[in-house]
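Have a look at the structure below, then the notes.
Rule-based calculations on the coordinates, nothing more; no lab input. All values derive from a computational prediction rather than experimental measurement. All Cβ positions, even for glycine, are placed from backbone atoms using ideal geometry, and neighbour counts span all protein chains on display.
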Amino acid sequence: MSTPEVTTDVSALPLAPDVPMGLRERLRTVQQFHTGPARFRDAGGPVTMVRLGPRRFVPVFAVVTSPEGAHDVLAASDGAFDKEMIVHVQNRTFGDNLFNLPHERWKPRRRTIQPVFTKKQVGTYAGHMAVTAEATATTLAAHGTVDLDAEMRHMTLQVLGRSVLGLDLGDRAEELGPPVNRMLRWNTGRALRPVRAPIWLPTPARRRFHQALKAVHAVVDDAIDHAAESEDSGLIRLLQDAVDPVTGEPLTRAQIRDELIVFIIAGHDTTATTLSYTLWALGRDQVLQDRVASEIRALGDRPLTIEDVPDLPLTVQVLHESLRLCPPAPAFGRLAMREVVVGGFRIPAGTNVVVGAYALHHDPALWDEPERFDPDRFSPERSEGRSRWQFLPFGAGPRSCVGDHFAMLEATLGLATIVRAVRVEALGDDFPLALPFTMTAGGPIPAKVAARQPR
């Protein structure tokens, strides 16, 4: 693969081609952050420029949809790309955090926080995850007909409350969901508009956003105050004890709050959607669902732990297939800080670069029957020789998701605990999608649920 570092005369390489679309079609397509990159690829190739108006008024985009191009952008560590794209700048209204900080400010924050999210440390939260999933399975069976999206959102908020905030959120989980969703919709909607109102303009939508942010701040501030008095303070105590191994500097209270907020936001949506999509998919294939249930039930009826994960290969393959078809982050954005080479093409400095993960995951040139739910494609035999850069559920490179171990453990234990206890029957043939920030269900996901018969 090519590297993002400049080793040849960049100016001698061809400029990435302009996508051959009319302006109206470009505007419609750029706002579809999940399916849009595939449309641009089909029209203009795996690296294509998307201009929406005069450069001094409207950002220029380069859309990248090949494994080689994804590597060139996401693996860069030499300053060629940074998180100064409009989506990240806009999301700084949440506060400065690992998701949106520019590279030089991100490095010390990542050094400080990374030890908190090792596999070993994340494993300590497995008990909260399993207990919450068992309670959820009981609730699902009792209700009979449920909205999978709503139930999984409630479950993941409870897990985050216990593991991250050290709180039993109880009914507050219901209070937290709507303001989080409102914040995300406003931020993403604003970021994807070609022309935006000034940030200082007091619009009704902006007032609603600040009200929602205030509500989330209140929950997080309560948790930080609680951490000083409780031994079971979740992730907060670890963040309070963390120091930069280079400078010895601890995190400030404001920095801890900013990290907790984005972790709640990302962890709430991503895992809930992955679980609801997976249960919906299994609910449409009872044979596959029974295969998964048999694998899990072979471990007995005790609460599952992190040590059980190696014995659940099919369960993990099912989750990987869900993450392929419904990736939490359908695209990744960067800003080209200088003229760079991506996928063999020249990209001008100052270009907003979008790597289309959803497009990569659904590309028929990379996957056999890409729209079919087939977990066996992630078996060791069929995965052999596959490019690391065509499957990007948590990003890749130095700025991959710091919470990927947490998310996969929660999803694995949650799915296994639920499928062991109940049988799910999907009541709809479609899984609607929305993009408030990460990719989520675009509406209720109805299903019938019944307790499994004892073995």
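Here are some notes:
- Helix-only mean residue ellipticity at 222 nm for the chain, each DSSP H run of n ≥ 4 adding -39500 (n - 2.57), per residue, nearest 500: -14500 deg cm²/dmol
- Ratio Rg/Rh, restricted to segment 196-335 and using Cα atoms, in which Rh is the Kirkwood radius: 1.08
- The phi torsions of segment 73-84, fed into the Karplus equation with coefficients 6.51, -1.76 and 1.60 and a -60° offset, translate into couplings of 7, 7, 7, 4, 9, 10, x, 5, 10, 8, 8, 10 Hz, rounded to whole numbers, with Gly and Pro shown as x.
- Difference of contour (0.36 nm per residue) and Cα-Cα distance, residue 372 to residue 243: 41.8 nm
- Signed unit charges on C-beta, dipole axis of the chain, positive-most listed residue 178, 401, 211: 211
- Available extension along the chain between residue 427 and residue 254 is 57.8 nm, counting 0.36 nm per residue and deducting the alpha carbon span.
- Residues residue 12 and residue 55, FRET efficiency given R0 of 35 Å [Cβ-Cβ distance, rounded to 0.05]: 0.90
- Inter-label distance, residue 229 to residue 210: 3.1 nm, where each label sits 7 Å from its Cα along the C-beta direction.
- Taking the convex hull of Cα positions in the chain, its mean projected area over all directions (nm²): 22.3
- Approximate spin-label separation residue 221-residue 404, in nm, with each point projected 7 Å along Cα-to-Cβ: 3.6
- Each Lys or Arg adds one and each Asp or Glu subtracts one; over the other residues with Cβ under 12 Å from the Cβ of residue 46, this totals -3.
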